[in-house]
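A.B. asks: The structure's right below; bear with me while I get my questions together.
Any read-out appearing in this document is the output of simple, stated calculations on the displayed coordinates, not a laboratory observation. Computed from a predicted structure; not experimentally measured. Here Cβ is always computed from backbone atoms with ideal geometry, including for glycine, and neighbour counts include all displayed protein chains.
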């Protein structure tokens, strides 16, 4: 079964082009995520995640909560394999399907059909799997003959509908989502809710970041509360929100 295990994981980003003391002071003043320190060579280092110990197992639907810059997006990219730990160990059993940016992999000079193949590949689908889903994607997007036209001719709403239709066509094992529920207009998202529910149900593990408390409560059975790059709490949804909103210490 799917499983994600992090042991004493740190993610740090060295900043090589900020050396002057005045610039350091300004940078530290403006930094909002994690903490800022200097290494042995007097370079700035942003500590985005610090000493994360966490196990996510089959059946877990984990909502990431915390203020902007708390470490949620860094954590999603770490789990998705975009970032590697600076220290510590991360072990993942199962295939990751990340939906971090709906427009990632979309080429405006390509047709809608060509983009289905391209983005479907980015999402980890084989060509056979993509071909089996093309009709369903086309029907759900509602774009009709526009799918044979370059994406640059689409309105922004049409591009979102196509990107979303492609994203929810995958058969995920471990699904990683960043704010997808905020995409598109209200009418489209109402139609898309059933598709998203099916996607979440099919996945063995779901990890999602969303600024809506209601969405986290609806779709998740656990929360991970991040604060300053550290994992402050991992457990039940309501207790996590109570800590986040200051109702309990």
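A.B. asks: From the square roots a ≥ b ≥ c of the eigenvalues of the alpha-carbon gyration tensor of the range 99-203, which class results: rounded (a/c under 1.5), prolate (a/b over b/c), or oblate?
C.D. replies: oblate
A.B. asks: In addition: Quickly work out the residue 136-to-residue 212 label distance, labels modelled 7 Å from Cα along the C-beta direction, and quote it in nm with one decimal.
C.D. replies: In this crude label model, residue 212 to residue 136 measures out at 2.3 nm.
A.B. asks: Say each of residue 108 and residue 126 gets a label point 7 Å from the Cα, pointing the same way as Cα to Cβ; how far apart are those two points in nm?
C.D. replies: Simple spin-label model gives 3.5 nm for this pair.
A.B. asks: For the range 92-160 and the range 194-231, compute the distance between their C-alpha centroids and round to whole Å.
C.D. replies: Using only Cα atoms to place each centre, the spacing works out to 23 Å.
A.B. asks: So what is the relative contact order of the range 99-203, in percent, for Cα pairs below 8 Å that sit 6 or more residues apart? Don't skip to the end; give the middle numbers.
C.D. replies: On the way: 115 pairs, mean separation 35.6, N = 105.
It rounds to 34 percent for the range 99-203.
A.B. asks: Please give the peptides 56-67, 96-107 ranked by average Cβ packing (other Cβ atoms within 10 Å per residue), highest first, as a rough proxy for protection. Intermediate values should be presented prior to the final figure.
C.D. replies: Working: 56-67: 19.8, 96-107: 17.8.
The most tightly packed comes first, giving 56-67, 96-107.
A.B. asks: With r as the distance between the Cβ atoms of residue 221 and residue 67 and R0 = 25 Å, compute the FRET efficiency 1/(1 + (r/R0)^6) and round to 0.05.
C.D. replies: Values: r = 23 Å, r/R0 = 0.91.
For R0 = 25 Å, the calculated efficiency reads 0.65.
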